[in-house]
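> The structure follows.
The values are calculated or read from the model by the stated rules, or taken from the named source; none is laboratory data. All figures in this text were calculated on a predicted structure; none of them were measured in a lab. Here the Cβ positions follow ideal geometry from the backbone for every residue, glycine too, while neighbour counts run over all protein chains shown. Protein only, heavy atoms only, side chains kept; ligands, DNA and RNA dropped before computing areas. Shrake-Rupley method; radii C 1.70, N 1.55, O 1.52, S 1.80 Å.
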Amino acid sequence: MSAPKVILVDDDAEVLEAWRLTLELDGFEVAARRSGDAALALLNRDSAAVIVSDVRMPGRDGFGLLSAVTAIDSEIPVVLITGHADIPMAVKAIRDGAWDFVEKPADPVLLIETVRRASEYRRLIIENRALRAGVAPEDPWAARLVGNSPAIAKLRGRLTLLADADTDVLLFGETGTGKEVAARALHDLGQRRAGRFVAVNCGAIPETMIESELFGHEAGAFTGARERRIGKIEHASGGTLFLDEIESMPMAAQVRLLRALQERRIERLGSNREIAVDIRIVAATKADLAALAKTGGFRADLVYRLNVVTLRLPPLRDRREDIPMLFRHFLALAAARVGRSAPPLGRDLLQRLSRQDWPGNVRELRNAAERSLLGMDEDFEDLDTAATASGVERTLEEEVALAEAEAIGAALKRHGGRIGVTAGALGITRKTLYLKMRRYGLGGSAALAD
C-alpha cells in the first residue's frame, strides 16, 4: 500500500471501520489505527497525510496526539472527532493548532468535506516546500495545470517534452486560459530554472517606451534618460523572457525583436555596442498572428521566427469536466491564503458551474471561487438564472438522480435520520446509502449512525 493520505485513530474498532469505509468510498487512501502511538509511527515531516482522531481514548488521547503531531510538523492537519461534552475542549484545541473538529456521531458528508479541505491544504504545503527547496513535487505539471480532461493532459504532455528543449515557444489561447501559468511552468520545470523569469505585457507599455523597456538605454539616449537602464531582454539573460500579448507590440519594436531573436544580441538605445544575450523566448497571444500578418497588423517574418513551436491552450468550454476540480482547487487556495475553511460544495452547484461557458476561462472561474469563499452567493444565483434563460433542460440521467435524491432524503426524514433503519427500508446496504448520501449532498445533522 502507498503512503496513506488519511490516518484514522479510534480505539473503537467498529467506529474505526465505519470511518475507514466512508473515506475509502470517496477515494482516499486510509490507514486505520487504534491508538495515537500507532498513528505516530506512520508520520514524519514529509508525510502527505492528515490525521482524523477521536478525542477520548485510553493512553494518548486526541489532544495528546495533536501535541505530538504538532511537534513533528505544525502544518500536518489534525481533525478531532468529539462528543458534544468535549466541544469546549475541541475549540481550545483549534486555538492550539487543530485543523477542525467534527461532532459525534460523525456525519459522513461533513467528515468527507472536512478531510478533503485538510488534504488539499496539506498538498499545497508539501508542494510549496518542494518548490522552495528546488525539488520537483511528485507531479509538478498536474499541480500547475490542473485537470484530467484529454485536452489538458495533452497540453501537459507537450509542455513536459518542451521544458528542457530550450526552443522558443508561442502560446496561443483566449484570455484567462493560463498562458502565463504555462510559461512559468516551462521555466520553473526546465533547464533554465536557475535563471530569471522576466514577464513583459506588451499591451501595457506605451508605444514610446517599449523599445527602452525591452532593450534598455544609455544615459542621455533621449530626453529624461538620466542614467543607464538595463532592458528586460538583457535582464532575462540566462533565463526566460515571457512576452505576453505580443500582438500588441508596435512595428518598430518588432523589427528590433526579430534581430534579437535571430542573433541573440541586442544594443541598448543610444549605444553602438552589441551585447550577447542567452534567453529563451516564450510569447503569448490571443490573436491569430498569421491572419494579422496578412492584413499588415504584424510582421510576417517575426511570425515565422516565433512559430517554431505553437501550443494552443484550450478554453474551459472545451474541458468542462475539469471545472469542478478547478473550482475546488481555487477555493482551497483562497481558503489557505486567508486561513479559513472552504465551504462545502453541493452537486447542483458544481453542475451549474460546469454548464457555463466561462468566457474569461480559468481566470474567471478562479475569481468566482474567491467570491464564493467570501459568501457572495448572488454570483451563483446569477448562474442559475443564466442556465434557466439559456433553456438548459435536465437529461434523463439528471432526472433519475433527482428522483433518487428526493426518495433518499424523504426516507431519512421519515426514519429520523437513522442510517441503518433507512438503508433497510430502502432495500440497500449501509455502504450504498453512505455513498449515495455523499453523491447527493445529503446528511448533515439529520443523519445519525445507528
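> Please compute the volume of the convex hull spanned by the alpha-carbon atoms of region 247-351 and report it per residue in Å³. Please list the in-between numbers first.
On the way: hull volume 19.0 nm³, N = 105.
Value for region 247-351: 181 Å³ per residue.
> Can you run phi through the Karplus equation (6.51, -1.76, 1.60; θ = phi - 60°) for region 5-17 and list ³J(HN,Hα) in whole Hz, with x for Gly and Pro?
The phi angles translate into 8, 9, 10, 8, 9, 6, 7, 8, 4, 5, 5, 4, 5 Hz.
> On to the next question. Using θ = phi - 60° and the Karplus curve 6.51 cos²θ - 1.76 cosθ + 1.60, what whole-Hz ³J(HN,Hα) does each residue of region 354-370 get, with Gly and Pro shown as x?
So the Karplus estimates, Gly and Pro as x, are 5, 7, 7, 7, 6, x, x, 6, 4, 4, 5, 5, 4, 4, 5, 5, 5 Hz.
> What order, most packed first, do the peptides 101-114, 232-245, 188-201, 284-297 have when packing is the mean number of other Cβ atoms within 10 Å of each residue?
Top to bottom by mean Cβ count within 10 Å: 232-245, 101-114, 188-201, 284-297.
> Leaving out ligands, DNA and RNA, what percent of the accessible area of region 239-369 is carbon and sulfur, probe 1.4 Å? Show your work: numbers first, answer last.
Numbers: 2810 of 5750 Å².
For region 239-369, the apolar C and S fraction of the accessible surface comes to 49 percent.
> Determine, for each peptide in 69-80, 417-428, the mean count of other beta carbons within 10 angstrom over its residues, then list the peptides with the highest first.
Sorting 69-80, 417-428 by mean packing, highest first, produces 69-80, 417-428.
> Here's another thing I want to ask about it. Between Glu24 and Thr70, how high is the FRET efficiency from 1/(1 + (r/R0)^6) when r is the Cβ-Cβ distance and R₀ = 30 Å? Nearest 0.05. Provide the component values of the computation, followed by the final result.
Working: r = 27 Å, r/R0 = 0.89.
Calculated value: 0.65.
> Between Arg320 and Ala221, what is 0.36 nm times their sequence separation minus the Cα-Cα distance? Round to one decimal in nm.
On the way: separation 99, 0.36 × 99 = 35.64 nm, distance 5.19 nm.
Extra length available between Arg320 and Ala221 comes to 30.4 nm.
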